[in-house]
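Enquirer: The structure follows.
Derivation of every value follows stated rules applied to the coordinates shown; laboratory data play no part. These numbers come from a predicted model, not from an experiment. With ideal geometry, Cβ positions are generated from the backbone for all residues, glycine too; neighbour counts draw on all protein chains shown.
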Amino acid sequence: MGFFPVFLELAGRRCLVVGGGLVAERRVEGLLAAGAAVTVISPALTPRLAALASEGRISHEPRGYRTGDLDGVDLAFAATDRGEVNAALAAEGHARGVWVNAADDPANCTFILPALVRRGDLTVAVSTGGTSPALARAIREELERYLTAEYATLAEIAAEARRAMRAAGLVADARTWQRALGPEVRRLIVERGPEAAKRHLLELLGVTSCA
């Protein structure tokens, strides 16, 4: 079975995480970064999750999962090591049309999570469709070495250049962008700073002013 890769807009969406351990903590951190409204159901929490709850950044129900917990939920995550809990959450999700991810339990998932490399606004996702998470992690680690810190700046500069082109009424095709965003721009970021790199990029794209 294949998977359709997609990035979700979760700002303000209600997301449920069942479990209070380190896996749940990673899920919660990612959801908060996406602006989701997060509820955690678990008898106990990691210190980090407990701090988030005390700060009011997440809601916490100090108990186990029970049927009905998916009322009004947009996305759900099972982050426990109990297969029966994962299966029950997945069954309720299927009945209610709520997408569910169960950590390390693909049989109870209606979506899976890729390995991610983030550099500012640049995000690269790697997945094997759940068949080999270890391979996905290994590829992610290779990409982390390749996608060095200047790629975050490159993403910012590319966004600024795109806005400048629109303001100037200019259009560049994919091949022009590919040539313009080559190694020279990254070298300038490192050696001369973002402004010099942006000027060079705009020149390659035919924009004569950075204004």
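Enquirer: Counting every Cα pair in the range 38-96, what percent are over 12 Å apart? Can you show the working numbers first?
Expert: On the way: 1163 of 1711 pairs.
When all Cα pairs of the range 38-96 are counted, 68 percent exceed 12 Å.
Enquirer: Separate question: Could you work out how far apart the two model spin labels at ARG57 and ARG187 are, taking each label as a point 7 Å from the Cα in the direction of the beta carbon, and quote it in nm?
Expert: 4.1 nm
Enquirer: So how far apart, in nm, are the two label points at PHE4 and THR176 if each is 7 Å from Cα heading toward Cβ?
Expert: For the pair PHE4/THR176, the computed spacing is 3.3 nm.
Enquirer: In a GNM of the chain with a 10 Å cut-off on Cα contacts, which of GLY182, GLY21, GLY30 has the highest mean-square fluctuation?
Expert: GLY182
Enquirer: Counting only C-alpha contacts under 8 Å and six or more residues apart, can you give the relative contact order of the chain as a whole percent? It would help to have the intermediate numbers written out before the result.
Expert: Numbers: 299 pairs, mean separation 26.5, N = 211.
Computed over the chain, the figure is 13 percent.
Enquirer: Expressed as a fraction of 2.2 N^0.38 Å, the rule-of-thumb size for a compact globular protein of N residues, what is the C-alpha radius of gyration of the range 150-205? All intermediate terms of the calculation are to be shown ahead of the outcome.
Expert: Values: Rg = 10.4 Å, N = 56, 2.2 N^0.38 = 10.2 Å.
Taking the Cα Rg and dividing by 2.2 N^0.38 Å, one obtains 1.03.
Enquirer: Follow-up question, since we're still on this one. Among VAL40, VAL171, VAL124, which one shows the biggest mean-square fluctuation in a GNM of the chain, springs joining Cα atoms closer than 10 Å?
Expert: Per the Cα network of the chain with a 10 Å cutoff, VAL171 tops the list.
Enquirer: At most 14 other C-beta atoms within 10 Å and a DSSP loop state: those are the exposed trypsin sites (Lys or Arg not before Pro) I care about. Give me the longest piece of the chain that has none. Don't jump to the answer; show the numbers that get you there.
Expert: Values: sites that count: ARG57, ARG63, ARG66, ARG82, ARG192.
In short, 83-191.
Enquirer: Quick check: Cα centre of the range 1-71 to Cα centre of the range 135-192, how many Å?
Expert: About 32 Å separates the Cα centre of the range 1-71 from the one of the range 135-192.
Enquirer: How would you rank SER132, SER127, SER42, going from fewest to most other Cβ atoms within 10 Å of each one's own Cβ?
Expert: Details: SER132 12, SER127 18, SER42 21.
By the 10 Å Cβ count, ascending: SER132, SER127, SER42.
Enquirer: For TYR146, TYR65, what ranking results if the residue with the fewest other Cβ atoms within 10 Å of its Cβ goes first?
Expert: On the way: TYR146 9, TYR65 23.
Fewest-to-most ranking of TYR146, TYR65: TYR146, TYR65.
Enquirer: Right, here's the next one. What's the FRET efficiency of ARG48 with ALA95 using the Cβ-Cβ distance as r and R₀ = 30 Å, to the nearest 0.05?
Expert: Numbers: r = 32 Å, r/R0 = 1.08.
FRET efficiency, ARG48 to ALA95: 0.40.
Enquirer: Length gain on complete extension for the stretch ALA11 to ASP71, per 0.36 nm per residue less the alpha carbon to alpha carbon distance? Mind dumping the intermediate values first?
Expert: Numbers: separation 60, 0.36 × 60 = 21.60 nm, distance 1.84 nm.
Here the segment from ALA11 to ASP71 would lengthen by 19.8 nm.
Enquirer: Here is a follow-up. Report the GluC sites (Glu not before Pro) located in the range 28-109 that are in a DSSP loop and have at most 14 other Cβ atoms inside 10 Å of their Cβ, or state none. Walk me through the intermediate numbers first.
Expert: Working: sites: GLU29, GLU55, GLU84, GLU92; in loops: GLU55.
Within the range 28-109, the qualifying GluC sites (Glu not before Pro) (loop, at most 14 other Cβ atoms within 10 Å) are GLU55.
Enquirer: Once you compute Rg and the Kirkwood Rh from C-alpha atoms, what is the Rg to Rh ratio for the chain? Spell out each step's value before the answer.
Expert: Numbers: Rg = 21.4 Å, Rh = 19.8 Å.
Ratio of gyration radius to Kirkwood radius for the chain: 1.08.
Enquirer: GLU203 to TYR146: FRET efficiency via 1/(1 + (r/R0)^6), r the Cβ-Cβ distance, R0 30 Å, to the nearest 0.05? Walk me through the numbers before you get to the answer.
Expert: Values: r = 27 Å, r/R0 = 0.88.
Efficiency for this residue pair is about 0.70.
Enquirer: Restricting to DSSP H runs of at least four residues, report the calculated mean residue ellipticity at 222 nm for the chain, -39500 (n - 2.57) per run over all residues, nearest 500 deg cm²/dmol.
Expert: Numbers: 8 runs with 94 residues, N = 211.
The helix-only estimate for the chain comes to -13500 deg cm²/dmol at 222 nm.
Enquirer: Efficiency by 1/(1 + (r/R0)^6): what FRET value for ARG26 and GLU160, r their Cβ-Cβ distance, R0 = 22 Å, to the nearest 0.05? Please report the intermediate quantities before stating the final value.
Expert: Values: r = 32 Å, r/R0 = 1.44.
Once rounded, the FRET efficiency stands at 0.10.
Enquirer: Compute the length gained on full extension between ILE112 and ARG137: take 0.36 nm times their separation in residues and subtract their Cα-Cα distance, giving the result in nm to one decimal.
Expert: 7.6 nm
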